[in-house]
Ligand SMILES: Cc1cc2nc3c(=O)[nH]c(=O)nc-3n(C[C@H](O)[C@H](O)[C@H](O)COP(=O)(O)OP(=O)(O)OC[C@H]3O[C@@H](n4cnc5c(N)ncnc54)[C@H](O)[C@@H]3O)c2cc1C
């Protein structure tokens, strides 16, 4: 890494207040909030906009006002408001419930693109197709960021690169993870499902979510253990046939819908666990600080909420009212108090929906106790922010 970073020249002598590594949902939200307050921000995204992403595309209503304040014209996008939930077991039982807070469906293709346009309009310097290769803390409050398009300097670096930790942010000795390895697969489809309903269908070692998003499309996205794909000869279609179609509801969606992508969008090596809010002097936000299984925690809302926590603390830092050390400590505390309860609740629900028979029994029991069902759902949604 060092030799590579020495070969790449500094792109300009400007020292930005803040560099953001990654251009996903959380990164863009953080960038916009800082730029709105006059902070100089540079952001690097290794891909380009707009782009499809593996994500269930359900956003809990807690984030609605926040996105409006950032300038996302949610009212004009004709988005489906989701108020009903159906959860099915592989045995073919469906638990129906009202969603106490509810949410809305929007594709990442649209949302990330809109946020990028807002960020640029607010003065954020966005570099697309620009991969961050290395970050060095060269002196106090001065970082050098080496990218595929040149070197840049900034006082603060926020790591918001999502679920895959790049080499420069990995500890020198990595401890092997005991957490299971998941894969995620997503399609946009046209299908028969009412617009105000999200369905979660259990399958072996995972689940599949279906809901309406923008542009008259539905998002069908599932998560399962990587071992299931391996057992199906690494063939996604074979795995869907052997595993997903065991659930009669899913069989219907997989065999009777129109698929709008030429091939499935798939990602592998997904692990869900907290990773920490600072690494090598950088502040971590969004999935880079730790991902939660989507069935349990509304990862996008958590990522946006974390961007708000961090933006508020960074503004105090840039006003000269606290040191970098104090900033790191306060951010770590704020992150824990906002998310630890939700992560624990997520682990509990994950347990409840873990196995075929126990899931079936849990859903059948919850059918008779709607108040408990509402309480459990409530644990996965936070308050509006
Ligand atoms: C299968 C699945 C379904 C999900 N469904 C839902 C759901 O329905 N609702 C919900 O709320 N959450 C859901 N989530 C979680 C949600 O997708 C994440 O929590 C959210 O995307 C986190 O946003 P982020 O900005 O932290 O990361 P990302 O959106 O992943 O953004 C990170 C960005 O960094 C870029 N990047 C990475 N490395 C570099 C580098 N070296 N240089 C430059 N750029 C880089 C990437 O290209 C990417 O654009 C789901 C997750 C999965 C896996």
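Structure notes:
- Extension gain, residue 96 back to residue 149 (0.36 nm per residue minus Cα-Cα distance, nm): 14.0 nm
- Rough spin-label spacing in nm, given labels placed 7 Å along Cα→Cβ, for residue 265 and residue 383: 3.4
- With the simple spin-label model, which puts each label point 7 Å out from Cα in the Cβ direction, the residue 128 to residue 242 separation comes to 4.0 nm.
- Estimated FRET transfer efficiency when R0 is 51 angstrom, pair residue 361-residue 167 (beta carbons, to 0.05): 0.70
- Peptides 126-139, 304-317 ordered by packing proxy, namely the average of other Cβ atoms within 10 Å per residue, highest first: 304-317, 126-139.
- Modelled this way, with points 7 Å down the Cα-to-C-beta line, the labels at residue 194 and residue 258 are 2.3 nm from one another.
- Gain on full stretching of the segment that runs from residue 76 to residue 215 - 0.36 nm per residue minus C-alpha separation: 48.8 nm
- Helix 324-352 and the longest principal axis of the Cα set of the chain meet at an angle near 10°.
- Put in line by how crowded their Cβ is, counting other Cβ atoms within 10 Å and starting with the fewest, 54, 285 read 54, 285.
- Rounded to whole Å, sorted largest first: equivalent-ellipsoid semi-axes of the chain, Cα gyration tensor: 37, 22, 20
- Spin-label zone in the range 307-338 - amide nitrogen under 17 Å from a point set 7 Å from the Cα of residue 141 along the C-beta vector: 313-329
- Under Stokes-Einstein, with the Kirkwood radius over Cα pairs as Rh, the value for the range 248-385 at 10 °C and 1.306 mPa s is 89 µm²/s.
- Alpha carbon centroid spacing (whole Å) that separates the range 248-287 from the range 60-91: 18
- Across the chain, C-alpha contacts under 8 Å between residues 6 or more apart give a mean separation that, scaled by the residue count, equals a relative contact order of 22 percent.
- Calculated Rg and Dmax of the range 276-325 using C-alpha coordinates, Å: 12.5, 40
- Ranked packing of 143-154, 92-103, most packed first, by mean Cβ within 10 Å: 143-154, 92-103
- Two-site FRET efficiency, residue 48 against residue 273, from Cβ-Cβ distance with R₀ of 35 Å, rounded to 0.05: 0.70
Quick note: the coordinates plus some simple rules give every number you see, no bench work behind them. Treat the numbers as computed from the prediction; the structure is a model and nothing was measured. Counting neighbours? That spans all protein chains shown, and the Cβs are built from the backbone with ideal geometry, glycine included.
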